[in-house]
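Structure first, then comments.
Bear in mind that the values in this text are calculations on the coordinates, not laboratory data. Quantities reported herein were computed from a predicted structural model and do not represent experimental measurements. Cβ coordinates were reconstructed from backbone atoms using ideal geometry, including for glycine residues, and neighbour counts include every protein chain displayed.
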Amino acid sequence: MPSPAKRPASIDVNGAGTAAFVFKTVADPFAGRINLFRVLAGTLGSDSTVVNARSHAKERVGALLTLQGKDHEQAKEFGPGDIGAVAKLKETTTGDLLLDAERELELPQLDFPEPVMSFAVTPVAKGDEEKVASSLRRLAEEDPTLVLRRDAQTGDQLLSGMSQIHVEVAVDRLRSRFGVDVELHQPHVPYLETIRKEARARHRYKKQTGGRGQFGDCEIVLEPLPEREGYEFVDEIVGGVIQQGFRPAVDKGIQEAMQHGELAGAPVQGVRVRLVDGQQHNVDSSEMAFKIAGSMAFKDAYHKADPVLLEPIMEVEVSVPDDAVGAVNGDLNSRRGRLQGMEPVGGMTSIKAEVPMAEILTYSQALTSLTGGRGDYHMHFARYEEVPSHIAQKIIDETKSELEEAKV
């Protein structure tokens with residue numbers, strides 16, 4: 001390789017007195033976050049103040065360290081070309097540039113590959129949820145290709161990485177460094193539900209238990225929205241059959257009912273609800289009564305509106321050796337994939353396809369087997385589509401079975 005002296009500087013520090021590039025972050029269970037850096041210009045000394053060129057925040061540099069395996073030796077300063085470490089910087093992460101003063105600089109962009117495999121993470125010991133989350137966040141700080149997030153729809157805590165082994169190694173580090181044990185599961189697919197036709201229903205909620213009762217009566221019409229996305233509530237009440245103060249309660253009851261559809265308990269979307277009629281009682285009507293009436297009217301109409309299950313479709317790009325193209329295409333077809341095209345790329349073949357998320361959760365292992373470990377892929381969400389009826393029925397049956405087991 002050519003000498004570094006014959007190459008131009010990879011980062012133009014624009015005449016900075018002191019500049020240090022952070023190239024790695026380590027999560028230490030005792031010292032906390034440790035940033036490893038290389039000094040590009042000037043001298044970085046202990047007990048100094050620097051500016052983060054990305055966040056423009058000032059950072060207090062405490063003790064400087066030289067890492068020798070597990071041992072940390074203190075150092076007074078580092079000069080150009082030196083590699084050192086510093087602990088407990090508040091806003092500095094991998095890829096940041098530390099300067100002696102505020103300057104206008106073009107920072108290098110570190111492009112990390114997107115994670116391709118996700119697992120749901122649950123703690124072995126009850127009550128360890130917060131400890132697991134904080135420990136995983138610390139691991140993700142040192143490995144930007146490790147992503148931790150919570151799926152708002154399914155409630156799963158998802159840990160995503162470049163492969164199954166990558167995630168398993170992270171879990172092993174979690175156990176050895178932070179003393180936290182977790183289990184990995186296949187994540188739940190975030191299904192949705194919608195309707196295919198218009199339906200009408202009326203529900204009267206009436207309850208009398210001595211003293212003041214409860215009374216709410218509303219009639220609604222459900223209509224599918226063209227893009228199968230979103231939710232609309234249209235108030236078409238004429239006159240005072242339901243007073244203005246009770247109508248938002250109908251809307252609220254409907255939205256709560258939409259959080260768990262009647263097919264597989266998935267959220268409902270792509271629905272317009274028209275409130276067309278109703279009745280109230282001068283004494284017994286309340287917001288709660290109309291909220292319940294709205295919820296029940298929605299459920300009644302939903303059954304008659306030809307509800308269907310929607311599944312997420314992923315756009316997948318697979319890079320494979322030429323001799324494995326046939327086997328990979330056949331496997332994608334077996335996963336209900338639709339091939340979108342192929343093109344040669346640097347001695348490999350790039351295959352583009354659209355595949356349901358439910359069919360590709362375990363794709364990493366299959367691709368490794370089909371290509372002898374030479375294949376690679378990445379994917380991102382494309383859209384939602386209807387689940388084929390025979391598969392939808394299987395999902396619905398499984399969901400009902402899980403709910404019955406949970407009750408037991």
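A few comments on the model shown:
- Comparing the chain with the 2.2 N^0.38 Å rule of thumb, its C-alpha radius of gyration ratio is 1.34 (two decimals).
- 3J(HN,Hα) along segment 392-399: 4, 5, 5, 5, 4, 5, 5, 5 Hz, from the Karplus curve 6.51 cos²θ - 1.76 cosθ + 1.60 with θ = phi - 60°, whole Hz, x for Gly and Pro.
- DSSP-defined antiparallel bridges as percent of all bridges, the chain, nearest 5: 95 percent
- Short to long, the 10 Å bins of the Cα pair-distance histogram for segment 193-305 hold 16, 49, 27, 8, 1 percent of all pairs.
- Alpha carbon centroid spacing (whole Å) that separates segment 311-332 from segment 335-397: 6 Å
- Using a cutoff of 8 angstrom between alpha carbon atoms and counting only pairs six or more residues apart, the relative contact order for segment 148-306 works out to 30 percent.
- Extension gain for HIS378 to THR43 (0.36 nm times residue separation, less C-alpha to C-alpha distance): 116.4 nm.
- Within straight-line cross-link reach of LYS299, lysines at Cα separation under 20 Å, skipping those fewer than 8 residues along the same chain: LYS197, LYS206, LYS207, LYS252, LYS291, LYS400
- Mean shadow area of segment 94-223, taken as a quarter of the surface of its Cα convex hull (nm²): 17.5 nm²
- When both segment 145-180 and segment 99-137 are represented by their alpha-carbon centers, they are found 10 Å apart.
- When segment 117-185 is reduced to its Cα atoms, the Kirkwood hydrodynamic radius in Å: 11.8 Å
- Order of LEU339, LEU110 - criterion: other Cβ atoms within 10 Å of each residue's Cβ, fewest first: LEU110, LEU339
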